[in-house]
Every structure is written in C-alpha cells, then in structure tokens.
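Enquirer: Please see the structure below; I have some questions.
The values are calculated or read from the model by the stated rules, or taken from the named source; none is laboratory data. All figures in this text were calculated on a predicted structure; none of them were measured in a lab. Virtual Cβ from ideal backbone geometry, glycine too; neighbours counted across all protein chains shown. With ligands, DNA and RNA removed, areas are computed over all heavy atoms of the protein, side chains included. Shrake-Rupley method; radii C 1.70, N 1.55, O 1.52, S 1.80 Å.
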Amino acid sequence: MSGKFELVQHFRIESARYLPFLPESHPCRSVHGHSFKISLRLQGQLNPKIGWMIDYNEISQRLQPLLKQIDHRLLNEVQGLENPTSENLAHWFFVKAQKILPEIVQVIVAETPDTECKYPVI
Ligand SMILES: [Zn+2]
C-alpha cells in the first residue's frame, strides 16, 4: 500500500504555571495548574511487513523522557519555558519531540477541554 498515513496520539500531564507578562489583575498571572492534553500528529509511510506506520507503544516510550521534564512541574522552572503559554509550550515540545521522532508534524496543546493551540500550522 502506498501513500501517507497520519497517526494521532494523546498524552496527559499535570503542570503548574504562571504567566509573568500578564497584568497583575489577570488570573493566569498567579500560579495555577492545568491538566494539559498534548497531542502529536505523525505522518509517514506504512512499514510494509507489519502494515502499520509505527507502534503507538514505541511513540509513547520514546517521548517519556520529554514528558517527564514537564509533568508535575512548575513549567516556569523548565529551561526554555520561562513564559509557559500554550503557544510557547507547543513550540518547545515540537522542537524537542521532532528530534526524537522526525515523523511528528504537529503538536497540539490543550490547556482546557475547550481550547487547543497547534504548532506548526500545517
Ligand atoms: Zn493557565
């Protein structure tokens, strides 16, 4: 079978943050927590022998060290996330995750069930 496929896998982390550049009156200026959902879109060809692109389990295992850096952490203390907006988190995660899995084409960060931030836009 030829042609590209796309896989999507979701991960969940619990993290604290504050957004230091907001006015004092904004609620996100104070330390607060989110149950972030981080979704990864991966594109590629099938492994013809197995009939899948890549094992979901392998995706998960390879990303664990990266997820550990931000799960149950104050994101502002993570290098490169001093201003941890969802936009900056999506960019930070994409750059690092793509070095681990080049098939990743987009990272989607949902800080609530009703919002999503995608990077890059494709
Ligand atoms: Zn927030």
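Enquirer: Considering (1) part of a loop (DSSP other than H, G, I, E, B); (2) more than 15 Å from the ligand (Cβ to nearest atom), say which one Leu81 fails and leave the rest.
Expert: Leu81 satisfies all of (1) part of a loop (DSSP other than H, G, I, E, B); (2) more than 15 Å from the ligand (Cβ to nearest atom) except (2).
Enquirer: Here is a follow-up. Taking the stretch 84-118 as the region of interest, how many residues are within 22 Å of Leu22 (Cα to Cα) and either within 16 Å of the ligand (Cβ to nearest atom) or touching a helix residue (DSSP H, G or I) at 6+ places or on another chain (Cβ under 9 Å) (or both)?
Expert: 17
Enquirer: Of all the residues that make up the stretch 86-115, how many are open to solvent by less than 30 Å² (accessible area, probe 1.4 Å), touching a residue at least 24 places away in the same chain (Cβ under 8 Å) and of a type outside the set (Gly, Ala, Ser)?
Expert: 9
Enquirer: Also, quick follow-up: Quick one: in the stretch 47-63, of everything that is without any contact (Cβ under 8 Å) to a residue 12 or more places away in the chain and hydrophobic (A, V, I, L, M, F, W, C), which residue is nearest to the ligand (Cβ to nearest atom)?
Expert: Trp52
Enquirer: Still on this model: Take Glu58 and tell me if it is acidic (Asp, Glu) and surrounded by 11 or more Cβ atoms within 10 Å (Cβ to Cβ).
Expert: So Glu58 does not fit the description; no.
Enquirer: So in the stretch 22-46, with the set limited to residues that are of a type in the set (Gly, Ala, Ser) and open to solvent by less than 30 Å² (accessible area, probe 1.4 Å), which one is farthest from the ligand (Cβ to nearest atom)?
Expert: Looking at the filtered set, the residue picked out is Gly44.
Enquirer: Let me ask something else about it. Out of the stretch 1-21, which residues are open to solvent by less than 50 Å² (accessible area, probe 1.4 Å) and over 18 Å from Gln98 (Cα atoms)?
Expert: Answer for the stretch 1-21, where residues must be open to solvent by less than 50 Å² (accessible area, probe 1.4 Å) and over 18 Å from Gln98 (Cα atoms): Gly3, Ile13, Ser15, Ala16, Arg17, Leu19, Pro20.
Enquirer: Let me ask you something else. Does any residue of the stretch 64-72 turn out to be away from the ligand (no atom under 16 Å from the Cβ) and open to solvent by less than 20 Å² (accessible area, probe 1.4 Å)?
Expert: Yes, there is a match, as at least one residue in the stretch 64-72 is away from the ligand (no atom under 16 Å from the Cβ) and open to solvent by less than 20 Å² (accessible area, probe 1.4 Å).
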